[in-house]
Amino acid sequence: MSAYRLSELIDDRPADGVFRINRALFSDPDVFALEQQYIFEGGWVFVGMASQALQPHDYFTGFIGRVPIIVSRSEDGALNGLINACPHKGARVAQQLSGNTRLHVCPYHSWSFDSSGANRNIKWRSGGCYGAGFDRENHDLARIPRFGEYRGFLFASLNPDVPSLEDYLGEARKLLDLVADQSTEGVELVPGAVRFTFAANWKMQLENCSDQYHFTSTHPSYIRILEARAREQKNDVVQSTLGGSDFWKEDAEGPTGGTFSFEHGHVLNWGLMAVTPALPLYERADEIAERIGTARRNWMFNMRNLTIFPNLQIAENASSQLRVIRPIAHNLTEMQTWCIAPRGESAEARRTRIRQYEDFFNPTGMATPDDTVVYEECQMGMARQERPWLQGHARGLTASVEGGNAYSEMIGLNPQRSVLGQAQTCDESLFHSYYRAWATRMQDGLA
Ligand code: FES
Ligand SMILES: [Fe+2]
């Protein structure tokens, strides 16, 4: 692989109690180029929510790996996954992040395409003296070979030769259900997408969403503020859902959370939380329990950080956030984030959700900047070294077991592996799942 064999990049020897990855996974531009080809352009990736294009002719744009795309709702109500590149000379026909238009007009020579991607006009065609070869060609926008929806979550693959979306998501579908079932009308993205970049590899973000170990070390100022608020017990400040915990002590009484890992690299880390009025979802607690059962309802109140490999993360902790990871270079990543919320929640609940969201998330929040700064610190230390192996994937190794536990059984969830522990276990073994999926995709691609 590039200048490496796979075993030089990932040292995965479960029988010897060893799992290590090489710094080159973060620092080598050749490895990154192969990732774009085989991970992002070689299989299913998340592209957006159906709710981002509700009305006919609504569209939004994005990327699958290096390839620009449009997701567009056509006149007939269908969602279309299209390549955002003009058949004439390749210009993107849509440049805005989102909008509504019956016609995408290319900025270069004005070829135009309707909301289903069909070519509607080629400027000055009749006088253009085209040959028969040109007439035989299809002038529509190319379609993304595979495009699918699961409960409002849209995924697409440039590679036609992939398992069905249902198979790809597998058991992790049940965790998307815990998001989608928060309202009978499904979920929506609260208006106001945030885009930012950090100067580090995309896998820093991939891992950090599942990294409990950093919380007290990286975010002490946030925790101190929560503690001060709790002491003052003022009603006019944002009460965080995390505010009741003692973050510094080891919990002595039984498990407080854990991790699940699934096929294809999807993972969840979670923490036990009560059905608490601090969560805006509380107003629906009874209705949800009646509709889908108490166990699933209780799980919705647990702290949950879900990653659908490789680029979707849904964090339900201090508030509820949907994140999309877009790798740009081996040392540059773009994030797009939204507050995700059940449709039809009360104005009061929505207000609380947004206040909790602002408190914790985004470049203006009290947590995100801490994280992106340490990603960049790590990236600096990823340069090629005599000792290439990172030591960041060993916590929880002896606690990790095959299959699930009593908490997964509650909701009929069947993970490949799980860890159940106290607050200080801070399992890192769920990252193995990312790198095993990574290795499989890279190997299949190279083969
Ligand atoms: S590149 Fe689109 S019309 Fe020429
Ligand atoms: Fe963090």
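The values are calculated or read from the model by the stated rules, or taken from the named source; none is laboratory data. Keep in mind that this is a model prediction, so the values were computed, not measured. In this analysis, Cβ positions are derived from the backbone assuming ideal geometry, glycine residues included, and neighbour counts consider all displayed protein chains.
Scanning region 78-93 for residues that are under 26 Å from the mean Cα position of the chain (by Cα) and either within 16 Å of ligand 2 (Cβ to nearest atom) or of a type outside the set (V, I, T) (or both) returns A78, L79, N80, G81, L82, N84, A85, R92.
If the condition is being loosely packed, with under 11 Cβ neighbours inside 10 Å, in contact (Cβ under 8 Å) with a residue 24 or more places away in the chain and under 20 Å from P255 (Cα atoms), then region 370-404 contributes only T398. Of the residues that make up region 71-88, is at least one in contact with a strand residue (DSSP E or B) (Cβ under 9 Å, 6 or more places away or on another chain), farther than 12 Å from L141 by Cβ and exposed (fewer than 14 other Cβ atoms within 10 Å of the Cβ)? Yes, the conditions are met somewhere in region 71-88.
The one condition from (1) assigned to a helix (DSSP H, G or I); (2) surrounded by 15 or more Cβ atoms within 10 Å (Cβ to Cβ); (3) at pLDDT below 95 that F26 does not meet is (3).
In region 262-269 there is no residue that is free of Cβ contacts under 8 Å to residues at least 60 places away in the same chain, under 26 Å from R417 (Cα atoms) and in contact with a strand residue (DSSP E or B) (Cβ under 6 Å, 6 or more places away or on another chain).
Counting only helices (runs of 4 or more DSSP H) wholly contained in region 345-447, the ones carrying 2 or more residues that are modelled with pLDDT of 95 or more and over 20 Å from the mean Cα position of the chain (by Cα) occupy 347-360, 368-380, 406-409.
Figure legend. Inter-residue proximity from region 184-208: first residues in contact (Cβ under 8 Å) with a residue 24 or more places away in the chain and of a type outside the set (A, V, I, L, M, F, W, C), second residues crowded, with 16+ Cβ neighbours inside 10 Å and part of a loop (DSSP other than H, G, I, E, B), beta-carbon distance below 8 Å, spacing 6+ or different chains. Indicated pairs: G186/G152; N201/H330; N201/N331; N201/M382. Considering region 168-273, there are no qualifying helices (runs of 4 or more DSSP H) wholly inside with 2 or more residues that are assigned by TED's automatic domain parsing to the domain that holds F60, at pLDDT 95 or above and in contact with a Lys or Arg (Cβ under 8 Å, 6 or more places away or on another chain).
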